[in-house]
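Beneath this line is the structure, given in structure tokens, with notes to follow.
The values are calculated or read from the model by the stated rules, or taken from the named source; none is laboratory data. Predicted model only: the values in this text are computed from it and were never measured. Every residue, glycine as well, gets a Cβ built from its backbone with ideal geometry; the counts of neighbours run over all protein chains shown. Accessible surface is based on the protein model in full, side chains and every heavy atom, while ligands, DNA and RNA are left aside. Shrake-Rupley method; radii C 1.70, N 1.55, O 1.52, S 1.80 Å.
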Amino acid sequence: MLSNKRFTIILSLVIAICIWGYVIGETNPVDTRTFRSVPIQLVNEESLQEKGLAVLETSDTEMNITIIGTRADISSISEREIAATVNLADAAKGENELKIDLHIPDSVEIENKSLNKITVIVEESRSKKVDVEVDYQGSFAEDEEPITVDMSRESVVVSGPVSQVDKVSYVRAVVGAGKVTDQPESIKCGLTPVNKSGAEVKSVNLSAQSVTVTAELAKTKTVPLDVPVVDNSSDLYTRNVSAPEEITIKGRSSDLEAIDSISAQSVDISDITENTSITLTPILPENVQVSSKSSELTATVTVEPPESRKFTFSGSNVEITGLGDELSADVRTDSITVTLTGRKEDIDKIAETDFNLTISVSGLQAGSHQVELRVECSGSYSEISVNPDKIRVIIE
């Protein structure tokens with residue numbers, strides 16, 4: 001009797017558990033949920049900075065994560081509670097294959113993940129200061145242009161992988177269309193590091209993320225530009241400089257009215273030995289700036305190296321001096337080559353008639369003699385060489 005009662009109790013418990021499991025399964029079943037494009041965050045970057053290193057790039061920046069749990073638990077989870085991190089504490093210069101750590105609520109588990117590791121490329125780090133340049137967008141009247149009255153900062157420090165930092169030419173602050181009026185306006189602008197072509201440079205950090213630009217509409221004026229050139233060279237190179245003859249400036253009408261011309265800082269070409277371009281720096285009065293119409297002020301220096309030119313003469317071109325009475329002389333040589341070196345523009349003007357070839361036989365008696373040849377040229381040159389420098393003369 002007692003054993004039957006015990007069996008009945010156990011059977012009742014089993015049935016109760018089964019019913020409870022069935023109810024729970026029907027009302028709060030196990031489910032899965034996938035979070036897509038979860039950003040992969042890099043942590044402990046300061047440890048790299050302490051070693052003079054910086055992250056250049058990573059093989060992946062996002063991943064997919066599928067979790068499993070009860071429907072009630074899964075539905076209550078927000079995207080902010082799902083995180084993927086990579087610890088950079090042990091990263092070194094070069095390629096690093098690092099594990100992704102996943103952070104999820106304790107009430108659920110990981111069912112699946114699209115990545116286990118990522119490759120992180122690390123370079124030496126570098127910092128440098130670059131200028132902030134304002135980019136005004138929108139259209140303006142022909143004789144009007146925005147002018148920067150003031151900026152909260154004129155430069156920022158860019159830091160990061162050396163290969164990326166080297167690409168940064170300046171930091172651009174964009175002022176949107178319609179924000180500049182004929183009255184000074186203060187405009188907050190975000191900063192973007194860019195290269196010489198104006199394309200954004202990634203994977204670098206800036207010491208400031210924004211700048212406040214005070215701007216207003218100004219007038220433009222085109223005036224003559226004077227570019228002084230300094231050439232103290234003593235070599236044989238020919239240097240020619242081509243520079244803009246005008247410059248367009250901008251400012252308030254009252255500031256532009258008395259300006260008739262602008263001078264640039266002098267351009268020293270003394271040591272230039274190949275074609276090049278030199279950026280001109282105009283000397284501007286206070287409150288006057290260079291217009292975007294003259295944004296690229298450069299002088300072009302063309303250089304011509306020294307030129308050599310050869311002239312060929314025969315023995316009949318040689319004048320004999322100092323010949324004694326009752327003696328005759330005959331120059332015996334196949335040819336005489338005279339080479340002149342100098343500036344091309346000077347060498348090109350020289351003709352054979354500008355040469356005087358002479359030998360002196362003063363005091364020489366009948367016989368065969370080797371006599372020094374003297375060559376003079378009335379043109380402009382720097383060096384002269386003669387081959388042969390001595391010629392054979394027969395005196396009878």
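Looking at the chain only, what percent of DSSP beta bridges run antiparallel? Nearest 5 please.
Antiparallel: roughly 85 percent of the beta bridges in the chain.
Grab the DSSP H runs of the chain that are 4 residues or longer, score each as -39,500 (n - 2.57), total them, divide by all residues and round the 222 nm result to the nearest 500 deg cm²/dmol.
That comes out to -3500 deg cm²/dmol.
Could you pull out which residues in the stretch 87-128 have an amide N less than 13 Å from a spot 7 Å beyond the Cα of residue 66, following the Cα-Cβ vector?
Answer for this model: 110-115.
Quick one: putting +1 on the C-beta of Lys and Arg, -1 on the C-beta of Asp and Glu, what dipole do you get for the chain around its Cα centre, in Debye to the nearest 20?
2380
Mean-square fluctuation check for the chain, GNM, Cα pairs under 10 Å: which of 107, 203, 186 is largest?
Checking each option, the largest mean-square fluctuation is seen for 107.
First check a/c for the stretch 331-396, with a ≥ b ≥ c the square roots of the eigenvalues of its C-alpha gyration tensor; if it is under 1.5, answer rounded, and if not, answer prolate when a/b is larger than b/c or oblate otherwise.
Prolate, since a/c reaches 1.5 and a/b exceeds b/c.
Would you check the accessible area of residue 227, probe 1.4 Å, heavy atoms only, in square angstrom rounded to 10?
Near enough 30 Å² of accessible area.
For the stretch 193-273, what is the per residue volume of the convex hull drawn over the alpha-carbon atoms, in cubic angstrom? Please report the intermediate quantities before stating the final value.
Values: hull volume 15.7 nm³, N = 81.
About 194 Å³ per residue, rounded to a whole number.
Give me the Å³ per residue figure for the convex hull around the C-alpha atoms of the stretch 261-396.
154
Name the aspartates and glutamates eligible as straight-distance cross-link partners of residue 167: C-alpha to C-alpha under 13 Å, and not fewer than 8 places from it in the same chain.
Within the straight-line limit of under 13 Å, residue 167 reaches these aspartates and glutamates: 200.
Mind checking which of 212, 220, 339 has the largest fluctuation in a GNM of the chain, springs on alpha carbons under 10 Å?
Looking only at 212, 220, 339, the biggest GNM fluctuation is shown by 339.
If the label point is 7 Å along Cα→Cβ of residue 85, which residues in the stretch 202-246 have backbone nitrogen under 11 Å from it?
Backbone N within reach: none found.
At a temperature of 4 °C and a viscosity of 1.567 mPa s, determine how fast the stretch 12-156 diffuses translationally according to Stokes-Einstein, using the Kirkwood radius over alpha-carbon pairs as Rh; express D in µm²/s, rounded to the nearest whole number.
Values: Rh = 20.2 Å.
In µm²/s, the coefficient rounds to 64.
How far, in degrees from 0 to 90, does helix 2-27 lean away from the longest principal axis of the Cα atoms of the chain, to the nearest 10?
Value to nearest ten degrees: 40.
Counting heavy atoms of the protein chains only and a 1.4 Å probe, report the per residue accessible area for the stretch 64-152 as a whole number of Å². Intermediate values should be presented prior to the final figure.
Values: 5260 Å² over 89 residues.
Per residue, the stretch 64-152 has 59 Å² of solvent-accessible surface.
In terms of the Cα gyration tensor, with a ≥ b ≥ c the square roots of its eigenvalues, is the stretch 108-194 rounded because a/c is under 1.5, prolate because a/b exceeds b/c, or oblate?
prolate
Using +1 at the C-beta of Lys and Arg and -1 at the C-beta of Asp and Glu, which of 220, 186, 292 has the Cα lying farthest in the positive direction of the dipole of the stretch 181-294?
Highest projection toward the positive end goes to 186.
Determine the order of 341, 32 by accessible area, beginning with the largest, at a probe radius of 1.4 Å.
32, 341
Rounded, prolate or oblate: which fits the stretch 232-306 when a ≥ b ≥ c are the square roots of the eigenvalues of the alpha-carbon gyration tensor, with rounded for a/c under 1.5 and prolate only if a/b beats b/c?
Prolate, because a/c is 1.5 or more and a/b exceeds b/c.
Could you order 103, 369 by accessible surface area, starting with the largest, using a probe radius of 1.4 Å? Could you put the intermediate results ahead of the total?
Details: 103 90, 369 45 Å².
From most accessible down to least: 103, 369.
Counting only the heavy atoms of the protein chains, how much of residue 256 is accessible to a 1.4 Å probe, in Å² to the nearest 10?
10
I'd like to know how the chain sits against the 2.2 N^0.38 Å rule of thumb: what's its Cα Rg over that expected value?
Normalised Cα radius of gyration, the chain: 2.00.
Whole number in Å², please: accessible area per residue of the stretch 272-396, 1.4 Å probe, ligands, DNA and RNA not counted.
Computed with neighbouring chains in place, this is 60 Å² per residue.
Of the accessible area of the chain, with the probe set at 1.4 angstrom, what percent is carbon plus sulfur?
Ligands and nucleic acids excluded, carbon and sulfur give 44 percent.
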